[in-house]
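Scroll down for the structure; my scribbles are underneath it.
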Amino acid sequence: MAISENTRLHYLNALGITVWQSRINETRATITEISLPPSSANEDALPLDSWEALRNQVIQCEQCILCTTRKQTVFGEGNPNAKWMFIGEAPGQEEDFHGTPFIGEEGNLLTEMLRAMQLTREEVFITNILKCRLPDNRNPHVDEIHACRDYLHRQIALINPKMIITLGQVSAQTLLEKTDSIENLRGQIHQFQQKPLITVYGPNYMLCSPIEKSKAWQDLQFALEVFKKHE
Ligand code: URA
């Protein structure tokens, strides 16, 4: 989606970044209690998988109530061999309509965050914890996260990224199976499937809480440093 230079600068300013660099943040839910059963997505336990098989399963998925309210599933977008994987919470209304993650205002901000990291949407892979829209933008229920979890774990195993970035608290808490706030999770190198995982505020938080914007940019710079060390 093309955006004007003024809009781009607006987003960059919102991130607290001068001219061609970027910024972020996130709001949304807090999972106050995660009691997910142990994940079955032990890489060794996964059967031989394929991207197309996985995509078809997601398209047809009826494992939770969200299939009754979605227009379509949102599998994810980008390079299936990406070095960077960005994982948000769930598609919103626009994403549900277009079948693409992170579009609209939050999407533009994410694109700018990537640009500031000298990355493009085409070279990374962007997806969500949930592949279906949450009605009324409500928080995800534990059973919905559980129903969708293996899809994401299989995407990660297939892509085999060098770096995982969670966008927002729900995404971080879900992948790490922790209840800590994003404030406590940020600034550390976590691991998921033996890959470094960095938690970053999501674009929505950034748009709602510009005061925290510089922290988001710090988190991205931290992610870049970690990536360079692990490359
Ligand atoms: N759009 C997405 O696709 N995911 C989010 O978490 C927020 C907006």
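Once you list every other residue whose beta carbon is under 12 Å from the beta carbon of residue 149, what net charge do they have if Lys and Arg are +1 and Asp and Glu are -1?
Net charge in that neighbourhood comes out at -2.
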A chain fully extended from residue 69 to residue 214 at 0.36 nm per residue, minus the present Cα-Cα distance, gains in nm 48.5 nm
Mind listing the phi-derived Karplus ³J(HN,Hα) values for the stretch 160-170, rounded to whole Hz, using 6.51, -1.76 and 1.60 with θ = phi - 60°, and x for any glycine or proline? 6, x, 7, 8, 10, 10, 8, 10, x, 5, 4
Within 15 Å, Cβ to Cβ, of residue 55, how many net charges do the neighbouring residues add up to if Lys/Arg are +1 and Asp/Glu are -1? -2
With a 29 Å threshold on alpha-carbon distance, the violating pairs from 131/229; 71/215; 131/213; 71/195; 131/162; 178/228 are 131/229; 71/215; 71/195
Using a basic spin-label model with each label point 7 Å from the Cα along Cα→Cβ, how many nm lie between residue 122 and residue 188? 3.8
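Here, each number is a calculation from the coordinates, and none is a lab measurement. In this text the structure is predicted, and so the values were computed from the model without any measurement. When we count neighbours, we look across all protein chains shown, and the Cβ atoms used for this are built from the backbone with ideal geometry, even at glycine.
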